[in-house]
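Before any comments, here is the structure.
The values are calculated or read from the model by the stated rules, or taken from the named source; none is laboratory data. Everything numeric in this text was worked out from a predicted model, so none of it was measured. Cβ: placed from backbone, ideal geometry, glycine included. Neighbour counts: every protein chain shown. SASA here: full protein model, heavy atoms, side chains in, ligands and nucleic acids out. Shrake-Rupley method; radii C 1.70, N 1.55, O 1.52, S 1.80 Å.
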Amino acid sequence: MNKFDMGMTEIEDGGQEQPAAVRLPWRIPIRWRWAMLVGFAVAIAVVVLFFIILDIERDAWLQSQASQAALQVDRLSDELKLPLLSGSSVETGLVVQKFLEKVPAVSGALIRHVSGRVDQYGEPGAVDGVLKSLIDTSQVQRLPGRALWYTRSVSYAGTPLAVVAVCFSSQEWDVIAGKLVIKISIAAVVVVLLSTVLVFWVASRMSRPIELLAGAARKVADGDYTVRLPVSGNDEISDAVSQFNVMTRELAHKEELRAVFGRYLNPKLVSDVFDGGDAVVESHRQEISVLFADMVHFTSFSESHETEEVVRVLNKHFEVFHRVVAYFGGHVDKYIGDALMGVFNHPVNDAAHVRHAAMAALAIDMACMRLGVRQKSGEPIAFRLGLNCGQAIVGNIGAAQRLEYTVIGDAVNVASRMGGLGSGRQLLMPRETFERLGAGFTFTAVGECEIKGISRRIEAGVVTAESDAVLKMIAFAVDLAFGCDLSEDRRHSIG
């Protein structure tokens with residue numbers, strides 16, 4: 001059975017099913033991503049800037065240290081001339097010791113005499129590399145390497161006496177660098193925090209419209225096309241919000257058009273046009289079941305009632321009939337004055353379309369009796385019912401300016417003729433159609449009839465429901481068409 005909701009048949013979309021978006025159980029909001037990204041970028045920039053500043057400060061300190069070292073080494077060289085000239089090692093050592101005491105920045109010194117002897121003072125550390133790089137120069141120069149060694153030759157009256165090398169401690173730079181690290185670290189933390197807070201605030205203001213847009217999009221996906229968002233600002237986000245509002249208005253208008261056209265056109269055609277945008281439907285042959293129901297004594301009824309009353313009564317009956325046909329998987333192809341033409345197995349395929357069409361016809365008769373509308377004579381309004389199953393042409397019929405998507409062929413003509421054979425409240429069909437109904441129905445032959453355009457004679461008969469299961473399903477469909485509140489027990493028992 002097809003589902004029944006508000007008298008409309010549920011039509012499946014022929015388009016390909018789109019895979020659902022995969023959402024992780026956790027996610028990081030945009031504002032936090034921007035805050036972390038900017039915070040990380042600022043931290044990297046501060047680290048790079050720190051090394052640049054540290055390098056500049058060290059170069060400046062080394063230049064200052066070189067100036068101080070030149071003065072101190074020149075002074076030591078001058079003081080060592082006489083002791084070296086006299087060859088007194090004791091005096092030479094005293095001069096160097098006093099120098100080390102007066103200049104705390106000096107950690108050690110060494111003297112290489114012209115004889116090749118080397119004297120070490122203080123704590124100069126490893127001196128092998130220093131001895132290899134000592135040069136004979138009259139100007140103070142720094143030796144290559146990480147240690148701060150400064151050297152100069154000592155001579156008297158043009159006579160070389162020795163080469164002096166003095167090692168200055170880098171402890172002062174370590175203190176300066178430590179203070180610099182602390183200050184820059186504090187500044188970096190402050191800058192990172194301030195920039196993160198600022199970016200978080202800006203990102204929150206930017207992400208708020210996006211969050212509203214995402215929430216509104218979810219509502220639209222659920223079928224709510226009345227969603228509108230306030231447009232503020234003049235940027236890309238406001239443009240997106242504005243276009244979203246335009247989209248929802250167009251979708252709402254499209255849904256209104258779908259609802260309006262769905263009342264007048266074939267549901268498959270409407271679905272194809274609005275869902276796929278393709279209104280070209282190829283004609284083809286297909287087996288269908290056709291049901292005709294036309295009002296008995298409509299001419300006398302229309303002559304004895306006002307026009308408005310005639311239209312009201314027809315609409316009242318057709319509204320219920322439409323719901324019954326839709327419930328059993330068919331659709332109303334057209335209304336022909338006081339007659340209704342229902343088609344089964346098109347556009348929705350149904351393997352049991354003949355059985356469902358027969359139950360729909362009997363349900364229409366039961367619904368008509370429940371409506372209880374009577375003519376002036378007191379006779380209740382009844383409908384003649386005709387049903388037939390066979391091959392028919394399905395396609396666009398009409399002129400280029402006005403087409404109708406419908407079914408035509410002998411199967412339709414026979415169904416119409418079957419309806420004309422009855423006297424009201426009778427369902428007539430050919431025996432060939434009855435034999436496809438299955439269990440639960442009886443066939444009472446009324447004889448053979450000739451139909452224009454068909455060479456063979458067709459045996460027709462009145463079909464009634466005899467099994468309790470079929471009767472319950474027919475009654476259930478009628479109750480649902482009238483909007484009755486069915487209990488859960490009854491729903492379960494009918495199935």
Hey, what does the equivalent ellipsoid look like for region 58-195, semi-axes from the Cα gyration tensor as sqrt of 5 times each eigenvalue, largest first, whole Å? 37, 14, 13
Cα-based Rg and Dmax for region 124-191, where Dmax is the largest Cα-Cα distance (Å): 18.4, 62
Dividing the alpha-carbon radius of gyration of region 282-334 by 2.2 N^0.38 Å, where N counts its residues, gives 1.48
Principal axes first, then extents: for the Cα atoms of the chain, list largest minus smallest coordinate on each axis, whole Å, largest first. 157, 53, 43
Which length gain, in nm to one decimal place, applies between ASN396 and ASP74 when the Cα-Cα distance is subtracted from 0.36 nm times their residue separation? 104.7 nm
List the extent of the Cα atoms of region 391-437 along each of their three principal axes, largest first, rounded to whole Å. 39, 23, 14
FRET efficiency, SER455 to VAL310 (Cβ-Cβ, R0 35 Å, nearest 0.05): 0.30
Just the ratio, please: alpha-carbon radius of gyration of region 273-414 over 2.2 N^0.38 Å, N its number of residues. 1.14
Residue separation between GLU303 and GLN63 times 0.36 nm, minus their alpha-carbon distance, gives in nm 74.4 nm
Have a look at the DSSP beta bridges in the chain and tell me what percent are antiparallel, nearest 5. 95
Taking Cα centroids, how far is region 359-398 from region 24-103 in Å? 105
I need the calculated FRET efficiency for the pair SER138 and VAL175, taking r as the beta carbon distance and R₀ as 30 Å, to the nearest 0.05. 0.35
Provide the FRET efficiency to the nearest 0.05 for the ARG228-MET369 pair, computing r from the beta carbons and using R0 = 51 Å. 0.60
Carbon and sulfur %, accessible surface of the chain computed with the full protein complex present, 1.4 Å: 56
Determine, for each peptide in 144-154, 439-449, the mean count of other beta carbons within 10 angstrom over its residues, then list the peptides with the highest first. 144-154, 439-449
Can you tell me the 0 to 90 degree angle between the C-alpha axis of helix 353-371 and the longest principal axis of the chain, rounded to 10? 70
